[in-house]
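Laboratory data are not the source of any read-out in this text; all were calculated from the coordinates shown. Because the structure is a prediction, the values reported are computed rather than measured. Positions of Cβ are generated from backbone atoms using ideal geometry, with glycine treated the same way; all protein chains shown enter the neighbour counts.
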Amino acid sequence: MTGAFSGPGRANQGPPKVPTPPTGWPIGSYDTYQEARSAVQHLATSEFPVEDVTIVGVDLMLVERVIGRLSWPKVLGTGALSGAWFGLFVGLLLGLFSQQQTSFAPILVGLVAGVVFGMVFAAVGFATTRRGGGKQIASATQLVAGRYDVLTQPRNAERGRDLLAKFAMGPSGRAG
């Protein structure tokens, strides 16, 4: 399956170097990405040339879901955790190149320094945004589409529509 920026004759060439509108004829439209992906999986199992298929998200929306409030304990805890991971990584690297055999000192120093620096950077960032009336909530952002169209090249469009129509009918041959 090619990406959203595929063009005609792009099979096995990778995505184009610059953003390019998708080409092809629509053979199906779905409410969710999972439904569109299932349809393409059906095409693949039906020996359809999926290298000519593109899934295109239409009517894009940026959705920010609020998870909760940011507080000093949450900010400092998250900073300490992310700093600990980075510090552990640096400590392990220092331990690998240390002259002392089987010493945990570089790992411990890296871990402690990572926690301290992680908390300091998180605190500075949070204090700066709070003072400016900025973000005091924790949220997750997603780019979602209102619908997902499945496109294919014109030479395969009729067969693709037929296969997806049968797929929509389900195993019993009835819609639903």
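On a 0 to 90 degree scale, rounded to 10, what angle separates helix 33-45 from the longest Cα axis of the chain?
Orientation of helix 33-45: about 60 degrees from the principal axis.
Expressed as an acute angle from 0 to 90° and rounded to the nearest 10, what is the orientation of the C-alpha long axis of helix 72-96 relative to the principal long axis of the chain?
It works out to around 80 degrees.
Could you check the simple spin-label distance between Ser38 and Ala123, using points 7 Å along Cα→Cβ, in nm with one decimal?
Output for this residue pair reads 5.1 nm.
Under the rule of at least 5 residues apart or a separate chain, name every residue whose amide H is placed under 5 Å from the amide H of Arg147.
For Arg147, whose amide H was placed from the backbone, the distant partners under 5 Å are Val58.
For segment 139-156 and segment 28-74, what is the separation of their Cα centres, given in Å?
The two parts, judged by their Cα centres, are 6 Å apart.
If you consider only alpha-carbon coordinates, what radius of gyration and Dmax does the chain have, in Å?
Looking at the chain, its Cα Rg and Dmax stand at 25.4, 73 Å.
Would you please give the FRET efficiency between Ala138 and Glu51, computed as 1/(1 + (r/R0)^6) with r the Cβ-Cβ distance and R0 = 41 Å, to the nearest 0.05?
Once rounded, the FRET efficiency stands at 0.50.
Quick one: helix 105-131 against the long Cα principal axis of the chain, what's the angle to the nearest 10°, folded into 0 to 90?
Computed tilt is about 70 degrees.
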